[in-house]
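Written below as structure tokens is the structure these notes are about.
The values are calculated or read from the model by the stated rules, or taken from the named source; none is laboratory data. This structure is a prediction, so every number in the text was calculated from the model and none was measured. Reconstructed Cβ throughout: ideal geometry from the backbone, glycine too, with neighbour counts over all protein chains shown.
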Amino acid sequence: MKLSETFILHSDGEETVLVSTGDSEFSGIVKLNESAASIVGLLKENTDEEQIIQKMLEKYDSPREPIERDVKNVVSQLRGIGAVID
């Protein structure tokens, strides 16, 4: 899976947003927290949920369960707006 080309990840240093282009069914901007921005950043390359979880475990000092839950939740929401393609 990876981030659809109809979405652009933008960060101004203070906040990160995911912006839909005119080619997307979803029209809008999604404001991302730090962990969601990390997940979306990893989706720029073809990957899977397990690889994302592993990279998030390396980045954050946290148990696996909350990271796995967050990854699944963010990916599910991104799929819901058409931002992730398989």
Based on this model, can you work out whether residue 22 counts as at pLDDT below 95 and either over 12 Å from the mean Cα position of the chain (by Cα) or in a helix (DSSP H, G or I) (or both)?
yes
Checked 68, 58 against criteria (part of a helix (DSSP H, G or I) and within 25 Å of residue 19 (Cα to Cα)); the one match is 68
Note on segment 9-29: residues among the hydrophobic types (A, V, I, L, M, F, W, C), out of contact with any Phe, Trp or Tyr (no Cβ under 6 Å at 6 or more places or on another chain) and within 18 Å of residue 75 (Cβ to Cβ) are 9, 17, 26
Report whether or not residue 4 is exposed (fewer than 12 other Cβ atoms within 10 Å of the Cβ) and either among the hydroxyl-bearing types (Ser, Thr, Tyr) or touching an Asp or Glu at 6+ places or on another chain (Cβ under 7 Å) (or both).
no
If you take the residues in segment 14-48 that are in contact (Cβ under 8 Å) with a residue 40 or more places away in the chain and of a type in the set (D, E, K, R), which one is farthest from residue 2 (Cα to Cα)?
25
Inspect all residues belonging to segment 43-52 and state whether any of them is in a loop (DSSP other than H, G, I, E, B), surrounded by 17 or more Cβ atoms within 10 Å (Cβ to Cβ), in contact with a helix residue (DSSP H, G or I) (Cβ under 8 Å, 6 or more places away or on another chain) and modelled with pLDDT of 95 or more.
yes
